[in-house]
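In what follows, a structure is listed as C-alpha cells, so that the remarks can point back to it.
The values are calculated or read from the model by the stated rules, or taken from the named source; none is laboratory data. Computed from a predicted structure; not experimentally measured. Here the Cβ positions follow ideal geometry from the backbone for every residue, glycine too, while neighbour counts run over all protein chains shown.
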Ligand code: 5GP
C-alpha cells in the first residue's frame with residue numbers, strides 16, 4: 001500500500017536488532033486518518049471471507065483492528081497481556097514471547113467472546129517472528145473457531161512469521177512488506 005510505504009519512509013526509523021520504529025503514527029501516537037485507510041484496505045482484501053469477528057492483541061493491534069471492524073461491520077476482541085481483576089478464570093490463554101520487549105507474556109481472552117461458530121480475522125501491527133499470531137492461532141484451536149485470515153500492517157518478510165502463516169495455509173495480507181533493512185534504510189518488497 002503506497003500510502004503506508006510513503007509514511008514509513010517519511011517517519012520510520014530503523015533501530016538496532018531489525019526493529020522499525022513507527023511510534024509517531026502506529027505504536028505510540030496514532031494517526032486516525034491513516035488507521036481508517038488501513039482498516040478500509042483490510043476490509044476490502046477480506047470482504048468475501050465471511051468474517052464474524054476481528055481478533056487482535058493489546059495494545060498496538062487495537063487501532064488498526066478497530067478500524068477494520070468498523071469497515072467490516074463486525075466486533076473486535078483483543079487478547080489481554082495482563083491479568084485484569086475483571087477477567088475471571090473463564091479464559092483462553094496462550095504464551096507469547098515478545099519480540100521487542102524480550103519477555104514472555106500470557107495472553108488471554110474471555111471465553112464468552114469466542115463462540116464456536118466464529119470465523120475470525122487476526123489483525124496486528126507487525127509480523128516479525130510470528131509469536132503473537134501463533135498465540136492467537138493457539139487460542140483459535142482451543143476455542144474451536146475458524147481463522148479466515150491474518151492481516152498485518154507491516155511485515156518484516158525476512159523474519160520467520162511470514163512463512164509460519166503461509167505454511168499454515170492461511171491467507172496473509174501485509175499492507176507494507178519489508179524485504180530488508182540496508183544501511184538504516186527500509187527496502188520494501190515492492191522496491192525489488
Ligand atoms: P512477532 O510475535 O511476530 O515476533 O512480533 C510481533 C509483535 O512484536 C508486534 O505485535 C509488535 O508489537 C512487535 N514488533 C515486532 N517487530 C517490530 C518492529 O520492527 N517494530 C515495532 N515497533 N514492533 C515490532
(message) Could you check the range 121-131 and list, in sequence order, the residues that are within 6 Å of the ligand (Cβ to nearest atom) and closer than 13 Å to residue 151 by Cβ?
(response) 124, 125, 126, 127
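Quick check on my filter: what residues within the range 165-180 are out of contact with any helix residue (DSSP H, G or I) (no Cβ under 9 Å at 6 or more places or on another chain) and either crowded, with 18+ Cβ neighbours inside 10 Å or more than 18 Å from residue 13 (Cα to Cα) (or both)?
Applying the first criterion (out of contact with any helix residue (DSSP H, G or I) (no Cβ under 9 Å at 6 or more places or on another chain)) to the range 165-180 yields 166-167, 169, 180.
Listed by number, the residues that qualify are 166, 167, 169.
Could you check the range 14-32 and list, in sequence order, the residues that are without any contact (Cβ under 8 Å) to a residue 40 or more places away in the chain and outside any loop (DSSP other than H, G, I, E, B)? Spell out the reasoning first.
Step one: list which residues in the range 14-32 are without any contact (Cβ under 8 Å) to a residue 40 or more places away in the chain, which gives 15-17, 21, 23-25, 28-32.
Listed by number, the residues that qualify are 15, 21, 32.
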(message) Need the failing condition index for residue 41 against (1) within 16 Å of the ligand (Cβ to nearest atom); (2) within 18 Å of residue 155 (Cβ to Cβ), just the number.
(response) (1)
(message) From the list 62, 54, 77, 8, exactly one residue is closer than 18 Å to residue 175 by Cβ, at pLDDT 95 or above and in contact with a helix residue (DSSP H, G or I) (Cβ under 8 Å, 6 or more places away or on another chain). Which is it?
(response) 54
(message) So residue 20 passes all but one of these: (1) within 18 Å of residue 114 (Cβ to Cβ); (2) within 16 Å of the ligand (Cβ to nearest atom). Which condition number does it fail?
(response) (1)
(message) Please determine whether any residue of the range 33-42 is in contact (Cβ under 8 Å) with a residue 24 or more places away in the chain and exposed (fewer than 14 other Cβ atoms within 10 Å of the Cβ).
(response) no
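Every residue, every condition in (1) in contact (Cβ under 8 Å) with a residue 40 or more places away in the chain; (2) near the ligand (Cβ under 10 Å from one of its atoms); (3) surrounded by 14 or more Cβ atoms within 10 Å (Cβ to Cβ), yes or no:
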residue: 119; (1), (2), (3): yes, no, yes
residue: 135; (1), (2), (3): yes, yes, yes
residue: 140; (1), (2), (3): yes, no, yes
residue: 144; (1), (2), (3): no, no, no
residue: 150; (1), (2), (3): no, no, yes
residue: 153; (1), (2), (3): yes, yes, yes
residue: 163; (1), (2), (3): no, no, no
residue: 182; (1), (2), (3): no, no, no
residue: 189; (1), (2), (3): no, no, yes
(request) Quick one: in the range 3-13, of everything that is free of Cβ contacts under 8 Å to residues at least 24 places away in the same chain and more than 15 Å from the ligand (Cβ to nearest atom), which residue is surrounded by the fewest Cβ atoms within 10 Å (Cβ to Cβ)? (result) 10
(message) Please verify whether residue 51 is assigned to a loop (DSSP other than H, G, I, E, B) and more than 15 Å from the ligand (Cβ to nearest atom), treating the condition exactly as stated.
(response) yes
(message) Restricting to the range 60-110, name every residue that is surrounded by 18 or more Cβ atoms within 10 Å (Cβ to Cβ), more than 27 Å from residue 35 (Cα to Cα) and within 16 Å of the ligand (Cβ to nearest atom).
(response) 94
